[in-house]
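Asks: Input: one structure, supplied below.
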Amino acid sequence: TILVLDFGSQYSHLITRRLRELNVYSEMLPCTQKIADLTWNPKGIILSGGPYSVYSDDAPHADPAVFDLGVPILGICYGLQEIAWNLDNKNVVAGEKREYGHAEVTVQKHAGKKAHIDRLFQNLGENLEVWMSHGDKLSQLPAGFEPVASTPNAPYAGIASIERPLFGIQFHPEVTHTPKGKQLLSNFAVEICGARQDWTMEKFVDKEIERIRAMVGPKGQVIGAVSGGVDSTVAAKLMQNAIGDRFHAVLVDNGVLRMDEAKIVKKTLTEHLGINLTVVDATDLFLGRLKGVSEPEKKRKIIGNTFIEIFQDKAKQIAEAAKDSPKAGDIEWLLQGTLYPDVIESISFKGPSATIKTHHNVGGLLEGMHLKLIEPLRELFKDEVRALGTNLGISEELVWRHPFPGPGLAIRILGEVNEEQLRIGREADKIFIDEIVAAGLYRKISQAYAAVLKDRAVGVMGDKRVYGQIIALRAVETTDFMTADWFPFDGEFLKRVSRRIVNEVDGVCRVLYDVTSKPPGTIEME
Ligand code: XMP
């Protein structure tokens, strides 16, 4: 295992990610991690970049024991300066200008007794395109170090110690803008540290199932909400494999799901995946509370709060019923499909408090039950969750499903939500998605839906003038859902979808296509 210490760079999680792509197992911990508290021995350590200056008073620093372990250390950007600062704190100064963007580094060659310091850059060629992002730089080399790579502006773009396995680079090998960055990380992890390349999804499954069983114990029970989305389904299937029916999945039908959604999810989870599922149909309660409400934030709040209320009630019922089972104990655990990017946001070095908040403060969530969190996907990125899902036998169709928001169709029906608007929204959405699938575009598009606008428009149908509903189609491409581009369908496709919706969905007389990117738009309408 390679230990990545996070000093807060926006790219830190990509380091772990690239190592996993090399099948090297790695774990990222806050930079303040005490080495004495580790329960495993790292084969090597990577110090990430970070937004601070090592010499400023509030700068975070690694446990000095990191440098006494004797394992190879690679400092990236801030990490390089942290190494230099640790050896001699006068070596780091503010750069004259901030260097940000593409740069070309020249790799240096050493002969004889120094040849071993070239290992980090081996097989990368003489010149290397890299991505720089830093303000500080080394004013002089720490004692015993040699430059191994340079740029015109950064004579110490790469440095290495002759005596000890210490390496530093001023650029980011983990980003795709450094095309050979992965090879460099492989040089460090595999060649220099000798890390094994044996991390696979099968291993992850075995290890995780073992971990879940150990945590929950022979009688412990777990409850969790499922939505039909990939994260909750994969998490639920993993729990089922680990503890069988001692895992209780709950699907709350909030009345604003897509067409036949509750039925489809039930069939998939119970019949195909063998998950112990309870469906609660709370449509009337949700729609009753949404009646007359048109303000988006209010709609979200009502749905969120009602969901917690229903889930809590059901959890208590299941817990009561479970008490009578001789095979099982109390429900003590709550399953959450938290992914790695969410975890990273909470493991900041700004103190352990943020971590405590997300990981222990769930006693209040299910009032009186004091549940502990279990998060089997917390080490994975989205595409790894998909790979895991496939590995667990979940259908490709489900594994590649577009995300669907918790407030459901309520934020895709502008203004007040009622049965008629829901019918129109569902029928139009189904036609749109079916056509996207038929055109082979579903995977290319990140999210797509049909929205029902608040106002009406005039149209002519047959010989009559009608005053009907307006459907707005939205389809976007995005990698992180933070920014998105609208999808450039061809005219024939849009024509076909529009014709079908107007002809087949009663009450609709117009179809629009939303050509707004995010920003300034959002992906959802409300
Ligand atoms: P926006 O509309 O903010 O959406 O561009 C970004 C992504 O988040 C989803 N989304 C939500 N998901 N509860 C959720 O579970 C919500 O309230 C919510 N609002 C937006 C949206 O579908 C998109 O994937």
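The values are calculated or read from the model by the stated rules, or taken from the named source; none is laboratory data. If you're wondering where the values come from, they're calculated on a predicted model, not measured in any experiment. Note that each Cβ is placed from the backbone with ideal geometry, even for glycine, and that neighbours are counted across all protein chains shown. Areas reflect the complete protein model, heavy atoms only, side chains present, ligands, DNA and RNA absent. Shrake-Rupley method; radii C 1.70, N 1.55, O 1.52, S 1.80 Å.
Asks: For the chain, what is the relative contact order in percent, using Cα pairs closer than 8 Å and at least 6 residues apart in sequence?
Replies: The normalised contact order for the chain reaches 10 percent.
Asks: With r as the distance between the Cβ atoms of GLU477 and LYS323 and R0 = 60 Å, compute the FRET efficiency 1/(1 + (r/R0)^6) and round to 0.05.
Replies: 0.75
Asks: Return one whole number: the accessible area per residue of the stretch 182-268 in Å², for a 1.4 Å probe.
Replies: With all protein chains present, the stretch 182-268 gives 38 Å² per residue.
Asks: Just to be sure I understand the model, the point goes 7 Å from the Cα along the line to the Cβ. What's the resulting ILE209 to ASP245 distance in nm?
Replies: Placing both labels 7 Å along Cα→Cβ, they lie 1.9 nm apart.
Asks: Let me ask you something else. If you average 1/r over every pair of different alpha-carbon atoms in the stretch 116-231 and take one over that average, what Kirkwood value in Å do you get?
Replies: 17.8 Å is the Kirkwood radius here.
Asks: Across the stretch 381-472, what fraction of all alpha-carbon pairs, as a whole percent, falls in each successive 5 Å bin from zero upward?
Replies: Pairs per bin, as whole percents: 3, 12, 17, 18, 17, 13, 9, 6, 3, 2, 1, 0.
Asks: Sticking with this structure for a sec: Calculate how steeply helix 201-216 sits against the longest principal axis of the alpha-carbon atoms of the chain, using the helix alpha-carbon long axis, and give the answer as 0 to 90 degrees to the nearest 10.
Replies: 80
Asks: Further question: Provide the three semi-axes, in whole Å and in decreasing order, of the ellipsoid equivalent to the stretch 403-526 as defined by the square roots of 5 times the Cα gyration tensor eigenvalues.
Replies: The three semi-axes for the stretch 403-526 are 24, 17, 13 Å.
Asks: Measure nothing but the geometry: give the 0 to 90° angle between the long axis through the Cα atoms of 491-504 and the longest principal axis through the Cα atoms of the chain, rounded to 10°.
Replies: 30
Asks: Quick check on packing: order 156-163, 476-483 by the mean number of other C-beta atoms within 10 Å, highest mean leading.
Replies: 156-163, 476-483
Asks: Among TRP400, HIS172, ASN503, whose Cα lies farthest out toward the positive end of the dipole of the chain, if unit charges sit on the beta carbon of Lys, Arg (+1) and Asp, Glu (-1)?
Replies: Final value for the positive-end residue is ASN503.
Asks: Which whole-number value in Å² is the accessible area per residue of the stretch 280-340, probe 1.4 Å?
Replies: Solvent-accessible surface per residue comes out at 55 Å².
Asks: Based solely on C-alpha atoms, express the radius of gyration and the Dmax of the stretch 1-154 in angstrom.
Replies: 15.5, 43
Asks: What residue among TRP131, GLN33, ALA236 has its Cα farthest toward the positive end of the dipole of the chain, where the charges are +1 on Lys, Arg and -1 on Asp, Glu, each on the Cβ?
Replies: Of the candidates, ALA236 comes out farthest on the positive side.
Asks: Something else about it: With the full set of protein chains in place, find how many percent of the accessible area of the chain is carbon and sulfur; take the probe as 1.4 Å.
Replies: 51
Asks: Show which lysines lie in cross-link reach of LYS266 when reach means a straight Cα distance below 17 angstrom and same-chain residues fewer than eight apart are skipped.
Replies: Hits, sequence-local ones excluded: LYS237, LYS314.
Asks: At a Förster distance of 51 Å, what's the computed FRET efficiency of VAL460 paired with ASP88, Cβ-Cβ distance as r, to 0.05?
Replies: E(calc), rounded to 0.05, equals 0.05.
Asks: Could you state the number of Å between the C-alpha centres of the stretch 173-192 and the stretch 1-67?
Replies: Centre-to-centre distance over Cα atoms comes out at 16 Å.
Asks: Mind jotting down the three principal axis lengths of the stretch 1-62 based on Cα atoms? Whole angstrom, largest first.
Replies: Per principal axis, max minus min of the Cα coordinates gives 37, 26, 12 Å.
Asks: Moving on. Sort the following peptides by mean Cβ neighbour count (other Cβ atoms within 10 Å, averaged over residues), highest first: 23-33, 227-237.
Replies: 227-237, 23-33
Asks: Explain nothing, just the number: dipole magnitude of the chain about its Cα centre with +1 on each Lys and Arg Cβ and -1 on each Asp and Glu Cβ, in debye rounded to the nearest 20.
Replies: Computed charge dipole of the chain: roughly 460 debye.
Asks: So what's the chain giving for Rg/Rh, alpha carbon basis, Kirkwood Rh from the mean inverse pair distance?
Replies: Here Rg/Rh amounts to 1.04.
Asks: Among 104-111, 216-223, 81-88, what's the highest-first ranking by average C-beta atoms within 10 angstrom per residue?
Replies: Most protected by this proxy first, the peptides run 81-88, 216-223, 104-111.
Asks: Mind checking the alpha-carbon convex hull of the stretch 464-524 and giving the volume per residue in Å³?
Replies: In the stretch 464-524, the Cα convex hull volume per residue is 97 Å³.
Asks: Taking Cα centroids, how far is the stretch 376-436 from the stretch 240-316 in Å?
Replies: Here the answer is 14 Å between Cα centres.
Asks: At 1.4 Å probe radius, can you tell me the per residue accessible area of the stretch 31-90 in Å²?
Replies: Per-residue value: 43 Å².
Asks: Let me ask something else about it. Return the sequence-ordered ³J(HN,Hα) values of the stretch 54-65 in whole Hz as given by the Karplus equation 6.51 cos²θ - 1.76 cosθ + 1.60 applied to θ = phi - 60°, using x for Gly and Pro.
Replies: Karplus values, whole Hz, x for Gly and Pro: 4, 8, 7, 4, 8, 5, x, 10, 6, 4, x, 4.
Asks: Let me ask something else. Can you list the aspartates and glutamates whose alpha carbon sits under 13 Å from that of LYS372, skipping same-chain ones fewer than 8 residues off?
Replies: Result set, ordered by chain and number: ASP330, GLU332.
Asks: With each run of n ≥ 4 DSSP H residues scored as -39500 (n - 2.57), what mean residue ellipticity at 222 nm is computed for the chain after dividing by its residue count and rounding to the nearest 500 deg cm²/dmol?
Replies: Taking each H run of at least 4 residues, the total per residue is -9500 deg cm²/dmol.
Asks: Treating the angle as unsigned and between 0 and 90°, give the value, to the nearest 10°, between the Cα long axis of helix 78-87 and the longest Cα principal axis of the chain.
Replies: For helix 78-87, the angle is close to 30 degrees.
Asks: Where nothing but the Cβ of Lys and Arg (+1) and of Asp and Glu (-1) is charged, how large is the charge dipole of the stretch 171-219 around its Cα centre, in debye to the nearest 20?
Replies: Here the size comes out at about 140 debye.
Asks: So how far apart, in nm, are the two label points at ASP68 and THR278 if each is 7 Å from Cα heading toward Cβ?
Replies: Taking the simple label geometry, ASP68 and THR278 are separated by 5.3 nm.
Asks: Place +1 on the Cβ of every Lys and Arg and -1 on the Cβ of every Asp and Glu in the stretch 172-270, take the dipole about the Cα centre, and give the residue among LEU184, VAL216, THR200 whose Cα lies farthest towards its positive end.
Replies: The residue sitting farthest along the positive end of the dipole is VAL216.
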